[in-house]
Structure formats: structure tokens, C-alpha cells
Amino acid sequence: MRSVVVALVLLGAVLAWPASSAHANRFGAPWLGVIATDAAVAFSAPSLQAPAVGTLSKGARLPVLSEVQGEPGPDGDTTWYGVALGFLPSAVVREERQPWLAEAVRNGVPVYAKPDRKSPVRRQANTGSLLRVTGLSPGLDGDPDVWWATTEGYVGLDTVQPATGEYAAAWTVPEAAEASTGWWGQVVGGPANVRAAPTTAAPAVGRLVAGQWVKVLGEEDGQPVSGNTTWYRIDGGRFAGARIHSSLIRPIAPPTPNTTPPDPVPASQTWITVDRKHSTLTLVQEGQPTFTTYVSLGRAGVSTPSGQYSTFGKYRADDMTSASVADADHSYDLPNVPFTQYFRLGGFAIHGTYWHDGFGGAESQGCVNLTIADAAYLFEVTKPVVAPEDNARWSAAEAATTVVILD
């Protein structure tokens, strides 16, 4: 059990991200819970006979900080969840894997590189600054706290609140359907502000550096900048669904499809080819390339393994932590990694990526990293098929999609 001291945080509306029907996180606490019954009574101890310390309404969201065994709950289950208010029987709580948009509650909120106060501070968030929260992480490297994980780093539980207002509502997560019409560009002219809406009045949700590759999902008409009203809605990465002015992006050569087939060619005539030399992924259907995009692959020392594999397990959202990787070269905790498709034992997967924008290069621990919309699109067309109401499915080889990774 992890020992933490936090304030109760109730969350409001969330954004569209992979949903989960799982009862509790397979890695244990902490995780974000939502009250699933009309009302839930919190108790001072894990027992229905203990004094009641509060009532939570249906839909209330709150961090689950521990999982303990106690007296049988209303359904006979002896598992209880510790929250800041007290203890809740497991029957009244389900896990929530969708992200939510937060705003800083004060100036100078540090956003740490890791869930660890000794790690570098990546930026300072001020009152009203927008952050996309992806889940909860335990402290690493001896840190005793629980943290909100965001697309830019980690913040304390009491430093943010649900964001409101038109700009918060405008910064939504891209959908799978947007992936196939997008194109790739490169940031020009120095660091580029990325904004929640197509206007300089909207808050900057972050910056992309000159030379960085970015996927453009579409054009929007917005505030003129030097007479130019065209803004781009982008994929990602850290700022998926945000906007950047078109003057700051120039097109680059589109990724070249690689249709090298597996051996033998699957009867379904569907496979994925990952080209390590050019950092591309191609979906091949009926022998024809139907989708090609740039990806990020493993860094030196943790390279993406070449070979032929199958997508044996898929999660709409799954936690990735260095605690489960024997040869990880640094400590990390990434809750709710979206649209994850495991293809090799040892944690190797194709998945969406919210913590970096290094597409076209090497950034991963060996996985194949895609933008959010690209990962969502690929997830929906590969096997095994995961029903919308489910989070995960594992399959036998005959119900999988073949993955070829080439040098």
C-alpha cells in the first residue's frame, strides 16, 4: 500500500479518451475512481459498521489512494478503496480512464518531469493555465506523494481544478476519423505557441520547437495574424487537438509506404509494417497500403526489436510503469496510455503517446509511438476487436494482426 497525504479532489466533466469498464486498475492504487451508484457512503474504516464520514453523489470523481481488505461490502466483496474522505466499498466505485482538462489554481505551480519533487521542473503553470490530466501516478524514486499526470509532466493533487470556459471546451482530443486526412509538417521560425483555440487570445497550452515534426489534422478560420486567418488543428503528442498558426508550419515529404509482407502472408491480407530506418508505420489491407504515418521508435540501448510479431493483446488505455520492466533505463509512470496494442512480451507495444512530440525520431523505450488520432485509427482496424464498452481484449494468434518490424 502506498502512503499519501492529499486533499479530496472531486472532478467535473472529462474529455473523450478511451473509456474503461474495469473495476480496478491492474497495477493497484492510485487511480481515478467514479461513484457508480446513486449515492455512496464513505466510512471511517473498511466496514459497513464503521461510522459514516460523508456521502458522495453518483458521478463524483476522486482519487483512489489505496486498496485494502475489510468486512464484506454490500455485494459481499471484502475489497475497499481508501480515498481522502475515508473508505468506500468496491461495489460503489469504478475506474475512470478518461482524461480531463485542468487549470492551475495559483501562480507558480511547478510541473515536474517525474512524479518526484527532486526531478527537474519543466515549466511553471500560472492561475488559469490549461493542462490535460491523463491519470494518477504514485511518487517515484522515494517520493511519498500521489500526483496528477499531465501531458507536460506531473503536478500536485491540490494545485489544479477542473477547467471551465470556452477555451477549455475548445481543446478536445482528436478522433480516429481525423487521422486518415492529416498531413505532416515541420515547425519553422523558432518556438511556436500552441493554443487551445485559433486565436492569440486563447491560452497557450505549450510550445513546439523549430524543426519539430507535427501532424496537421485540418484547417480552421481564426484570428488574423499578419493578415493570415488560417490556423491548423494538430495531432500529437502533448497538445493533440490544439491549434497553431499556419505561418509556423511548412509541409514536409509525406511518409513513404513500406508494404513488405510477413512470411507467410496472413489469410486476411492485413498486416502492419514498421520501417525502422525511416520511422514509419504502414497498414496494409488486401495487399495495398491504406494508411502510412510517421512514428517514434526506441532510443539507443532500448531499440524497437526487428522481427515478425502479432498483436496478442489490446487495451483502449493501459498503464505503463518502469516497475514492470526489468531493463528500463530510467524510472517512469505513465497512466492510461491510449490505444495500446502489445506485440511482444516484455512490454513492447504500438500505442498512442501523450508525453512527447518526437515523431519521426527516437524517443521510446522500444515501443512504436503514434500520435493520438493515428493510434485511435489503427486500434479500430486491427485485431483483436475491442468493443467500445470494453477496455481490453487478448486473443489467440489466429485473431491477431501481424506486425513486421524491419531495419
How many percent of Cα pairs in the stretch 32-78 exceed 15 Å? 50 percent
How big is the dipole moment of the chain about its Cα centre under a simple scheme where the beta carbon of each Lys and Arg is +1, that of each Asp and Glu is -1, and everything else is neutral? Debye, nearest 20, please. 800 debye
Working only with C-alpha atoms, what are the Rg and Dmax values of the stretch 171-251, expressed in angstrom? 11.3, 33
In cubic angstrom per residue, the convex hull of the stretch 272-352 built on its Cα atoms measures 109 Å³
Among the aspartates and glutamates, which fall within straight-line cross-link reach of LYS215, defined as a Cα-Cα distance under 19 Å, with same-chain neighbours fewer than 8 residues apart omitted? GLU152, GLU175, GLU178, ASP235, ASP275, ASP357, GLU363, ASP374
For VAL403, which sequence-distant residues (separation of 5 or more, or a different chain) have an amide H within less than 5 Å of its own amide H, given hydrogens modelled in the peptide plane? ILE272, TYR309, SER310, THR311
In the chain, if the dipole is taken from +1 on Lys/Arg beta carbons and -1 on Asp/Glu beta carbons about the Cα centre, which of VAL93, PRO63, SER119 is farthest to the positive end? SER119
Ordering 250-256, 268-274, 233-239, 379-385 by per-residue average of other C-beta atoms within 10 angstrom, highest first, gives 233-239, 268-274, 379-385, 250-256
Using only the Cα atoms of the stretch 257-305, each taken as one equal point scatterer with no solvent, compute I(q) by the Debye sum, divide by I(0), and report log10 of the ratio at q = 0.15 Å⁻¹. -0.41
Using only DSSP helix segments of four residues or longer, with each worth -39500 (n - 2.57), what per-residue ellipticity at 222 nm results for the chain after dividing by its residue count and rounding to 500? -1000 deg cm²/dmol
So what's the chain giving for Cα Rg divided by 2.2 N^0.38 Å, two decimals? 1.00
Could you order the peptides 116-124, 83-91 from most to least packed, using the average number of other C-beta atoms within 10 Å per residue? 83-91, 116-124
Tensor-based shape of the stretch 1-164 (alpha-carbon gyration tensor, a/c under 1.5 rounded, otherwise prolate or oblate): prolate
Against the empirical 2.2 N^0.38 Å scaling, what ratio does the C-alpha Rg of the stretch 270-406 come to? 0.96
Where both partners of a DSSP beta bridge lie in the chain, what percent of those bridges are antiparallel, to the nearest 5? 90 percent
Ordering of 125-132, 45-52, 97-104, 189-196 by packing [mean C-beta count within 10 Å, highest first]: 97-104, 125-132, 189-196, 45-52
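All of the numbers you see were taken from the coordinates with simple rules; none came from a lab. As the structure is a prediction and not an experimental result, all values here were calculated from the model. Neighbour counts are summed over all protein chains in view; Cβ atoms, including those assigned to glycine, are modelled from backbone coordinates with ideal geometry.
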